[in-house]
């Protein structure tokens, strides 16, 4: 197990808790009024578990509302995003599983911050 690493993004931040050959585990915090890009991954699936706040999750153009203790599975190749429409921070745990977990396995369909 590697030591935790923290990164800031335009929408909030994340901490990598574990980065192994078989999985990666992160906690992500999404600031109020922000959302991640609408994206998909070729080589991994994800499991999201909401810790605090309310999440609006879109998977293949279908919206889901998740609160504390709720979770959702994101299949490999599914378009997905998470959004914080509330006025408090949204925190969730993401467990990635598959063949590869690099940040370059992100194909974005739309992004509020102009990233490709």
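Filtering the range 90-104 to residues that are at pLDDT 95 or above and within 14 Å of the chain's Cα centre (by Cα) leaves 90, 91, 92, 93, 94, 95, 96, 97, 101. Taken over the range 9-32, residues that are part of a strand (DSSP E or B) and touching a strand residue (DSSP E or B) at 6+ places or on another chain (Cβ under 7 Å) amount to 15. Within the range 8-19, residues that are farther than 19 Å from residue 81 by Cα reach partners that are part of a strand (DSSP E or B) with beta carbons closer than 7 Å, at six or more positions or on different chains, in the pairs 17/25; 17/26; 17/27; 18/24; 18/25.
The residue of the range 69-89 that is surrounded by the most Cβ atoms within 10 Å (Cβ to Cβ), among those that are assigned to a strand (DSSP E or B) and more than 10 Å from the chain's Cα centre (by Cα), is 72. Taking the range 52-66 as the range and being surrounded by fewer than 19 Cβ atoms within 10 Å (Cβ to Cβ), more than 11 Å from residue 78 (Cα to Cα) and under 13 Å from the mean Cα position of the chain (by Cα) as the test, only 56 passes. In this structure, is residue 39 at pLDDT 95 or above, surrounded by fewer than 19 Cβ atoms within 10 Å (Cβ to Cβ) and closer than 15 Å to residue 10 by Cβ? Yes. If you go through the range 20-39 and keep only what is over 22 Å from residue 76 (Cα atoms) and without any contact (Cβ under 8 Å) to a residue 40 or more places away in the chain, you end up with nothing. Restricting attention to the range 100-116, the residues being farther than 11 Å from residue 41 by Cα and touching a residue at least 40 places away in the same chain (Cβ under 8 Å) number 6.
The values are calculated or read from the model by the stated rules, or taken from the named source; none is laboratory data. Please read these numbers as outputs of a predicted model, since none were measured by experiment. Every residue, glycine among them, receives a Cβ derived from its backbone with ideal geometry; neighbour counts consider all protein chains shown.
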